[in-house]
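*Asks:* Provided herewith is a single structure, encoded as C-alpha cells, for subsequent inquiry.
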Amino acid sequence: MNIIIIVAVILAILAFVWFLYNSIIVAKLRVNEALSQIDVQLKRRTDLIPNLVETVKGYAKHEKQLFEDVTKERANLVSASSLEEKAKANNQLTETFKSIFAVAEAYPALRASENFMQLQEEVSDTENKIAYSRQFYNSNVLDYNTKLVVFPNVLIAGMLGFKSAEFFAATEAEKKAVKVSF
Amino acid sequence: MNIYSAISSNKNKTWVIMFLFVVFVTTLVYIFSKAMGYGIGLAGIALVIAGFTSIGSYYYSDKLVLATTGAKEIKKQDFPNYYKIVENMCIAAGLPMPKVYVVSDPSPNAFATGRDPKHAVVCATTGLLEMLNDAELEGVVAHELSHVKNYDIRLMGVVAILVGFIAILSDLFIRATFFSNRDDDRGNAIFMVLAIIFAILSPIAATLIQLAVSRKREYLADASGALLTRYPEGLASALEKLEKDKTAPKVASNATAHLYIENPFDNKKVKNFFTGLFNTHPPLEERIKILRQM
C-alpha cells in the first residue's frame, strides 16, 4: 500500500516537472525564433552596404575614412557570434550610416541620384525592421526570463539547465528617440 | 483576459457558433415546413445545407468577405508605404506576412479576415491610406494584426457568413409566410405564428451574436496594437480622424459591419436605444480615451 502511494507521488512530481519543462522550453524556442528574425534583418542590412558604398563612392571619392569604417563594421557584424557583439556592431553601423547620409548632404548630385534615394529608403526601412524585430525578441526574452524566476519554476529551472536569455540592447540615441511624425 | 485565453476562447466560440447555426437553421426550417404543411424532408435538406454552409464558412469566409467588399490584392510596388507598414507590424507581432488588400473606397476603414495567422488578409480602404500619416496607419495595421493574432478573424469571419445566411433565410420566410395562399387549419396557424416570431427574432438574434463577438475584442485589439507600435497616440489620432470623417462607405453590409475597425454605419446622428443595442463597436470616444490613458 505504501509503495503505491510513494509511486503515485513520484509520478505526480514527474508529471509536474514535465509540464513545467514544456512551458519553459516553448518560451525558449520563441526566443530563438525571434532571434533568427533579427538575424534576417541584420543580413538584409549588411547586404545593402556594398551597394551603398559603391553609389556614394561614385560621387564622393575622398570620404575614404568613412568607407573604411563602414566596411570594417560590416565585417564585424558578419563575424559577430554573440548577441552582445551583434548588438554592438549593429549600433555602430547605425551611427556610421548616419554619417554617410550627413556627408551626402554636401553632394547635391549624390542626393539627387535615383539610386541613392532608393538606397536611403531601403536603409531606413531596414532600420525600422531591425527595431521591430528587436522589440519582438526582447518581449519574448522578458516572457522567458520571467518563466525562469517565478515560483515554482525557479525550483527546477536551474536543475534542468535553463539560463536566462540576453536582451538585445538599443543604442543610446535610439533609447532617447521619440517617434513623432506630423 | 490575456491573449492566450482570448485565442482558445475564440476557437471554441467558433465551433459553438457553427454548431448552433446548424441547430438554429434546422429548427427554423422544421417549424416553417410544419406551418406551411410540407413534410419533414425539408428540415433534412436544411440540415445538410446548413452543415455545409457552416463548414464552408470556416474555410471560405475570407474569400466571401473580400468578394462582397470588392477588395483587390496588392503588391509591394502598388502601395509601398502601406505594404512596408504591414511588414514591420508583422515583425513586431511575430506573425507571418498576411495577404495585403485594398478597397477602392473614399470612406476610411480597415479590416482583417482569414481563418488563422497563416491564412490572413489585412485590408484597408484607399480613403484610409490617403487620410492617415505613417504613425496612424501603423496603429491601425497593428490593431488589425492583433485581431489576426487573437483568432478574432476566424470567429468574425464565420459569424459574418452565418449571420448573413440567417438574414437572407429569415427574409425569405417572412415573404413566404405572408404571400402563401394556403388554407391552414388551426394547428398550422399556431406554427404560422411561431414562424413569424422566428422570422422576426432571427435577425435580432443574429445581431446580438455580432455584438457579443465584437465589442470587448475591439478594446483588446486596441491595447495589443498599442503594445506593438509602443505608440498608443498613433491609433488614437487615427480613430479621431475616422470619427470626424462622414463619408458613407460604398460596400459594407450588415453581415460584415463587425469586421471593420470602425462601425461603417455609425453616422452619429441617430442616438437612441436601438443604435446602442445594435452597435457593433464600442464608442470611438471611449476607445480614444482609453488609448490616451496608456
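Laboratory data are not the source of any read-out in this text; all were calculated from the coordinates shown. In this text, all values refer to a predicted model and were calculated from it rather than measured experimentally. Note that we place each Cβ from the backbone using ideal geometry, even for glycine, and neighbour counts take in every protein chain shown.
*Asks:* For a protection proxy built on the mean count of beta-carbon atoms within 10 angstrom, sort A:103-110, B:218-225 highest first, please. All intermediate terms of the calculation are to be shown ahead of the outcome.
*Replies:* Working: A:103-110: 13.6, B:218-225: 21.5.
Peptide ranking by packing, descending: B:218-225, A:103-110.
*Asks:* Partner chain Cβ atoms within 10 Å, averaged over the residues of A:28-40 - can you pull that number for me?
*Replies:* Across A:28-40, the average partner-chain Cβ count within 10 Å equals 1.
*Asks:* Sort segment B:117-168 into rounded, prolate or oblate with this rule: let a ≥ b ≥ c be the square roots of the eigenvalues of the Cα gyration tensor; rounded if a/c is under 1.5, and if a/c is not under 1.5, prolate when a/b is larger than b/c, oblate otherwise.
*Replies:* Values: a/c = 3.32, a/b = 1.70, b/c = 1.95.
Note, shape of segment B:117-168 comes out oblate.
*Asks:* Sticking with this structure for a sec: Given axes a ≥ b ≥ c from the Cα gyration tensor, I'd like to know whether segment A:63-138 is rounded (a/c under 1.5), prolate (a/b larger than b/c) or oblate. Please report the intermediate quantities before stating the final value.
*Replies:* Details: a/c = 2.92, a/b = 1.52, b/c = 1.92.
Oblate is the answer for segment A:63-138, as a/c is 1.5 or above yet b/c matches or exceeds a/b.
*Asks:* With θ taken as phi - 60° and the coefficients 6.51, -1.76 and 1.60, list the Karplus ³J(HN,Hα) couplings across segment B:27-39 in order, rounded to whole Hz; mark glycine and proline as x.
*Replies:* Result, ordered by residue: 4, 4, 5, 4, 4, 4, 5, 5, 4, 8, x, 7, x Hz.
*Asks:* Then there's this: My understanding is that a pair violates if its Cα-Cα distance is over 23 Å; which of B:LYS63/B:LYS118; B:LYS11/B:LYS216; B:LYS76/B:LYS241; A:LYS43/A:LYS88 do that in this structure? Could the numbers behind the result be given before it?
*Replies:* Details: B:LYS63/B:LYS118 14 Å; B:LYS11/B:LYS216 16 Å; B:LYS76/B:LYS241 26 Å; A:LYS43/A:LYS88 15 Å.
Violating the 23 Å limit, Cα to Cα: B:LYS76/B:LYS241.
*Asks:* If you don't mind, another one. Provide the packing ranking of A:31-37, A:6-12, A:59-65, i.e. peptides ordered by the mean count of other C-beta atoms within 10 Å per residue, highest first.
*Replies:* Values: A:31-37: 17.1, A:6-12: 10.0, A:59-65: 13.0.
Highest mean packing first, the order is A:31-37, A:59-65, A:6-12.
*Asks:* Taking the beta-carbon count within 10 Å as an exposure proxy, list A:LEU29, A:LEU20, B:LEU242, B:LEU284 from fewest neighbours to most.
*Replies:* Working: A:LEU29 12, A:LEU20 17, B:LEU242 25, B:LEU284 20.
In increasing order of surrounding Cβ atoms, one gets A:LEU29, A:LEU20, B:LEU284, B:LEU242.
*Asks:* Still on this structure, please answer the following. Residues of B:224-230, mean number of Cβ from any other protein chain within 10 Å of their own Cβ, rounded to a whole number? The partial results should precede the final answer.
*Replies:* Numbers: counts 0, 0, 0, 2, 4, 3, 4.
Mean partner-chain Cβ count within 10 Å for B:224-230: 2.
*Asks:* For B:TYR260, B:TYR30, what's the fewest-to-most ordering of other Cβ within 10 Å of each Cβ?
*Replies:* Ranked by crowding around the Cβ, least crowded first: B:TYR30, B:TYR260.
*Asks:* Select from A:ALA27, A:ALA131, A:ALA102 the residue whose mean-square fluctuation is largest in a Gaussian network model of chain A (Cα-Cα springs shorter than 10 Å).
*Replies:* Answer for the Gaussian network model of chain A: A:ALA102.
*Asks:* My understanding is that a pair violates if its Cα-Cα distance is over 21 Å; which of A:LYS129/B:LYS149; B:LYS75/B:LYS246; A:LYS64/A:LYS98 do that in this structure? Before the final figure, lay out the partial values.
*Replies:* On the way: A:LYS129/B:LYS149 19 Å; B:LYS75/B:LYS246 29 Å; A:LYS64/A:LYS98 16 Å.
Over 21 Å Cα-Cα: B:LYS75/B:LYS246.
*Asks:* Any idea what the relative contact order of chain A is, in percent, if you count C-alpha pairs under 8 Å spaced at least 6 apart?
*Replies:* Details: 114 pairs, mean separation 56.2, N = 182.
About 31 percent, as a whole number.
*Asks:* Please work out how much length the chain gains when fully extended from A:ILE6 to A:ASP39, using 0.36 nm per residue of separation minus the C-alpha to C-alpha distance, in nm with one decimal. Please list the in-between numbers first.
*Replies:* Details: separation 33, 0.36 × 33 = 11.88 nm, distance 4.91 nm.
Result: 7.0 nm gained on full extension.
*Asks:* Under a Cβ-only charge scheme (Lys and Arg +1, Asp and Glu -1), can you give me the dipole magnitude of chain A about the Cα centre, in debye to the nearest 20?
*Replies:* 360 debye
*Asks:* Treat the count of other C-beta atoms within 10 Å as a stand-in for reagent exposure and order B:ASP152, A:ASP47 from fewest to most. Before the final figure, lay out each step's value.
*Replies:* On the way: B:ASP152 25, A:ASP47 12.
Fewest-to-most ranking of B:ASP152, A:ASP47: A:ASP47, B:ASP152.
*Asks:* Apply the Karplus parameterisation 6.51 cos²θ - 1.76 cosθ + 1.60, with θ equal to phi minus 60°, to every residue of segment B:86-99 and state each ³J(HN,Hα) to the nearest whole Hz, in sequence, with x for glycine and proline.
*Replies:* Karplus values, whole Hz, x for Gly and Pro: 4, 4, 4, 5, 5, 4, 5, 8, x, 10, x, 5, x, 6.
*Asks:* Moving on to the next point. Can you give the mean number of other chain Cβ atoms that lie within 10 Å of the Cβ atoms in peptide B:77-84?
*Replies:* Working: counts 0, 0, 0, 2, 1, 0, 0, 5.
Whole-number average of other-chain Cβ neighbours for B:77-84 is 1.
*Asks:* Alpha carbons only, please: Rg and Dmax for chain A, in angstrom.
*Replies:* Considering chain A through its Cα atoms, Rg and Dmax are 23.6, 90 Å.
*Asks:* I've got another one for you. Students often forget the sequence filter, so: which lysines lie under 18 Å Cα-Cα from B:LYS244 once same-chain residues fewer than 8 apart are removed?
*Replies:* B:LYS268, B:LYS269, B:LYS271, B:LYS289
*Asks:* Counting only helical runs of four or more DSSP H residues, what would the 222 nm mean residue ellipticity of chain A come to if each run contributes -39,500 (n - 2.57) and the total is spread over all its residues?
*Replies:* Working: 7 runs with 147 residues, N = 182.
It lands at -28000 deg cm²/dmol.
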